[in-house]
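Just so it is clear, none of the values below were taken in a lab; they were calculated from the coordinates. Remember, predicted model here, so these are calculated numbers, not experimental data. Using ideal geometry, Cβ is built from the backbone for each residue, glycine included, and neighbour counts are taken over all protein chains shown.
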Amino acid sequence: MSADSYRTDELLTIPDVAEYLKVSETTVRRLQEKRSIPFIKVGGGVRFFTRDISSYLEKQRVESIDSI
């Protein structure tokens, strides 16, 4: 599933987030445990809003330095 196909209000599972971020499920769990990304507890599992994952990505962005 491409990043464009996720709606901003969609709830994602750990495997969904791993695919979206192109990282392992272990990395997603680590980010969740460190509370680096917001999550929701549903039953015995956790879910993530797509908008929160997108926001997390934006915060990780490093601006380039102009080499002029």
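Some observations on this one:
- Comparing the chain with the 2.2 N^0.38 Å rule of thumb, its C-alpha radius of gyration ratio is 1.22 (two decimals).
- Mean separation of Cα contacts under 8 Å, 6 or more apart, over the residue count of the chain: relative contact order %: 34
- Ordering of 13-22, 40-49, 55-64 by packing [mean C-beta count within 10 Å, highest first]: 13-22, 40-49, 55-64
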